[in-house]
Structures are given as structure tokens and as C-alpha cells.
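Trainee: Submitted below is the structure of interest, expressed as C-alpha cells.
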Amino acid sequence: MQAFAFTREAADGAARRGTFRTPHGAVQTPAFMAVGTLGTVKALDPDDLVNAGAQMILSNAYHLHLRPGDDLVREMGGLHRFMHWSGPILTDSGGFQVFSLATLRTLDEDGVEFRSHLDGSTRRFTPELVMQIERNLGADVVMQFDHVIPGQSDAQTARDASERSIRWLARCLSAFHEIEPPHGSAQALFPIVQGGIHDDLRREAATAIAGMHDWPGYGVGGLSVGEAKPDMYRILEGLNEVLPPTRPRYLMGVGFPEDLVEGVRRGIDLFDCVAPTRMGRNGAVFTTDGRLNIKRAEFRNDERPLDESCDCSACSRFTRAYIRHLFVSDEMLGRRLLSLHNVHFLVALMGAARDAIGNRSFDAWSQGWLDRYHSRTGTFA
């Protein structure tokens, strides 16, 4: 039996419902992955994630390499054992983090030299080293090291980065096969399709990558990095036509509710983003009626839950008034409750999308959901 497999179980237009099987369990797709950058989803215990219905989570190779060190994680039995998460894990290669250090890095064909954001020490990432780091961490799915550029980059810049990413992918694949997984568990390497907001470059990259190897899945990178949302949606529509339909597609770093729905509509299966916990720690709440800021005075005596349609432990027990009080009083529980709610909200949203696809009602469901979500004004965060 294959360690990794993807089965499409239903479709409604480009939207797909399926199952992605991994050594640490199956993921029902479409699905949202909460981000545990440093081996923890901020403010949440792994049991919170299980209770919220989370199936798969993400951690970051760049951050874990710097602290506590991927060698230590390997020594401690791998990331699953280290953080006590028994479900599937995906590790980002760190490409986005390295290239976001624009004033602290130097790029050449071999790799990238950069200064640690922690202590200023000089480090170097190459495709081969990143594969070693991700092997050490032991996640189920590992991402290639790629060249990330700003969303509005011109065509030549996007071509250079995309073609470099493909050359680095070949080196990642070679190194991936040469390095033995340290904990005996199979791992899957996903390539990343780059090309900015340029349709022809995206298609060229997807076609070239698909011809290189029988990949277990595909990442779509370089979106939600400053480009306009219509550009992102257009690129996803084009990629839906060229990416192999029998493999899962992962849209990297995208996690606002409306973007998840729009992504599913265009054939995306997996999503991740720090938004639900980061925004939750700052008082922003996802609801079916739009986003609201719990710190606003209008919620001072509001007896309603955060979202009346939500069954998370925050909504089932506490009022908006109480959670606002926690934020005004700078109590940690407020940040924890909103982080929990926002993660639960996105996980449940993808569950509703799966049901709609299975019922072949996705188009009507998604349009109704988006209309309601966008209709709220005045209390947006």
C-alpha cells in the first residue's frame, strides 16, 4: 500500500472533495492546516486542535532550524513526538521567511546567505541543506526550497525566480532521495509552482514540474504576497486546468475565510495561514457575518456568542461581553479563546465546503456564504 495517496470522491465544477492519505492518518479535503511555526500553534494545546477538528498542521523549517535546531528535533524523535501531535504534519521549506529578509540576504545560484533574525549570525540555505533539515524534522510532507518574490513583480523577475525554483527543485529531489529519513517514516516531497501573477509563467512552471517526476502533490506559492485578489483567483483558475487532477493542490500561506472558499471553487485542496491565531491575539474574530473587532465598545454588554452558528468551546460558553472584558483587561484567556475560535471557524468552513461538494450544491452554497460574509459593514476588524 502506498504511504501517500489522494482519492477524489466528489466534484462540483472545479471544487473537489477527497482524501489525502499519509503515514500519520488521512486528511479529508478541502482542509485548512493551522500553523505551528515553532512546533506549536500559538496559544493552543494539541488537544484543542483535535477538538476543533484539525486534521493536519504546518511547521516551519527556517524557524525550527534556528531554534531549537533540527538536529535536536531529530534527536528527540522527530517533530510528531517532540510536539506530541499524532496527525499529519507539513513543513514549509523556509523559502518565504528567507526571502522576506530582503536587506539581510544575498542570493546566488547555489542558494541564499542570510542573517538570522534571532542573533544576526550568518547562515546559508541551499536546496540540499533544506532537504536535510526537513528530513531531520520528520514531517509527512516536506516542501522544496524555492525563490519567493513579491506579488506585483514584473514578468522578467518572476521568470528568473520561477526558473531558479525549478532548477532548485531538481536538486531538492536528488537530495531528498539521497538522505535516509531518520525515523523510518515515509515522507512526501511537494514541488512549488511559482510565476508571480503572469499566467504564461505559471502554466510553463506547472507543465515543467509535472514532467519532471510523479509528485505526490503540488504546492502553489507566491500568492497572497501583495498582489490583488482578482489576480490570485485568476492564477488559480489557470492552474486548475494544467495541474494533474489526481494529486492534491496546496495553496501556500492563504487563510482568510473568503479566500478559502474562492480557492476551493478553483480546485484547491489544502490551505494554511497564521491569520486565525495572529488575528485572534489582536482581537479580530471570524464570523459568518464578516470579521469583527471584539475590542469595540459596542460589545461591552453583548450577551451573544462570537458567532451564533459556531459550536467551538469559546462560542458555546462565553459571551462577546466577557471576551471583550478579557482583552480590555489584557488577560491571556482572551487571546487563547479567539485563537481557538478562529482556527475552529476555518476548519469547520472547510467541512461545510466538503459537504456542499458532496451534495453537488457547492456553487449555490459558496455564493450564499460569500454574499453573507461580505454584507457586514461597520464592525470589521
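Trainee: Restricting to the stretch 222-239, name every residue that is surrounded by fewer than 20 Cβ atoms within 10 Å (Cβ to Cβ) and not in a loop (DSSP other than H, G, I, E, B).
Mentor: 229, 230, 231, 233, 234, 237, 238, listed by residue number.
Trainee: Hey, another quick one. Tell me yes or no: at least one residue of the stretch 236-243 is under 17 Å from the mean Cα position of the chain (by Cα) and at negative phi.
Mentor: To start, the set of residues in the stretch 236-243 that are under 17 Å from the mean Cα position of the chain (by Cα) comprises 236.
Checking which are at negative phi leaves us with 236.
Yes; the residues of the stretch 236-243 include at least one that is under 17 Å from the mean Cα position of the chain (by Cα) and at negative phi.
Trainee: Given the options 298, 331, 303, 308, name the one that is touching a Ser or Thr at 6+ places or on another chain (Cβ under 6 Å) and either surrounded by fewer than 20 Cβ atoms within 10 Å (Cβ to Cβ) or in contact (Cβ under 8 Å) with a residue 40 or more places away in the chain (or both).
Mentor: Values: 298 fails: touching a Ser or Thr at 6+ places or on another chain (Cβ under 6 Å); 331 fails: touching a Ser or Thr at 6+ places or on another chain (Cβ under 6 Å); 308 fails: touching a Ser or Thr at 6+ places or on another chain (Cβ under 6 Å).
Among 298, 331, 303, 308, only 303 is touching a Ser or Thr at 6+ places or on another chain (Cβ under 6 Å) and either surrounded by fewer than 20 Cβ atoms within 10 Å (Cβ to Cβ) or in contact (Cβ under 8 Å) with a residue 40 or more places away in the chain (or both).
Trainee: If a residue must be of a type in the set (A, V, I, L, M) and in a strand (DSSP E or B), how many such residues does the stretch 109-125 contain?
Mentor: Keep residues of the stretch 109-125 that are of a type in the set (A, V, I, L, M), which gives 112, 118.
Filter again for in a strand (DSSP E or B), leaving 112.
Summing the residues that are of a type in the set (A, V, I, L, M) and in a strand (DSSP E or B) in the stretch 109-125 gives 1.
Trainee: Given the structure, is residue 219 closer than 26 Å to residue 154 by Cβ, in the same structural domain as residue 202 (by TED's automatic domain parsing), under 13 Å from the mean Cα position of the chain (by Cα) and assigned to a strand (DSSP E or B)?
Mentor: Values: closer than 26 Å to residue 154 by Cβ: yes; in the same structural domain as residue 202 (by TED's automatic domain parsing): yes; under 13 Å from the mean Cα position of the chain (by Cα): yes; assigned to a strand (DSSP E or B): yes.
The answer is yes for residue 219.
This table checks each residue for (1) in contact with a helix residue (DSSP H, G or I) (Cβ under 6 Å, 6 or more places away or on another chain); (2) among the polar types (S, T, N, Q).
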| residue | (1), (2) |
| --- | --- |
| 291 | no, no |
| 312 | yes, no |
| 319 | no, yes |
| 342 | yes, yes |
| 357 | no, no |
| 366 | yes, yes |
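Trainee: Name the residue that is nearest to residue 108 (Cα to Cα), counting only residues in the stretch 177-204 that are buried (at least 16 other Cβ atoms within 10 Å of the Cβ) and in contact with a Pro (Cβ under 9 Å, 6 or more places away or on another chain).
Mentor: 196
Trainee: Next question, about the same structure. Determine which member of the set 352, 356 is assigned by TED's automatic domain parsing to the domain that holds residue 317, over 21 Å from the mean Cα position of the chain (by Cα) and within 14 Å of residue 30 (Cα to Cα). So that I can check it myself, show each step before the final result.
Mentor: On the way: 352 fails: over 21 Å from the mean Cα position of the chain (by Cα).
Selected residue: 356, the only one of 352, 356 that is assigned by TED's automatic domain parsing to the domain that holds residue 317, over 21 Å from the mean Cα position of the chain (by Cα) and within 14 Å of residue 30 (Cα to Cα).
Trainee: Restricting attention to the stretch 254-297, which residues are more than 24 Å from residue 8 (Cβ to Cβ), in a loop (DSSP other than H, G, I, E, B) and small (Gly, Ala, Ser)?
Mentor: Within the stretch 254-297, just 283 meets the criteria.
Trainee: Oh, and also: Among the helices (runs of 4 or more DSSP H) confined wholly to the stretch 1-95, which include 3 or more residues that are surrounded by 22 or more Cβ atoms within 10 Å (Cβ to Cβ) and not polar (S, T, N, Q)? Quick ask: steps written out before the conclusion?
Mentor: On the way: elements: 46-52, 61-66, 70-75, 79-83.
Ranges flagged: 61-66.
The values are calculated or read from the model by the stated rules, or taken from the named source; none is laboratory data. These numbers come from a predicted model, not from an experiment. Cβ: placed from backbone, ideal geometry, glycine included. Neighbour counts: every protein chain shown.
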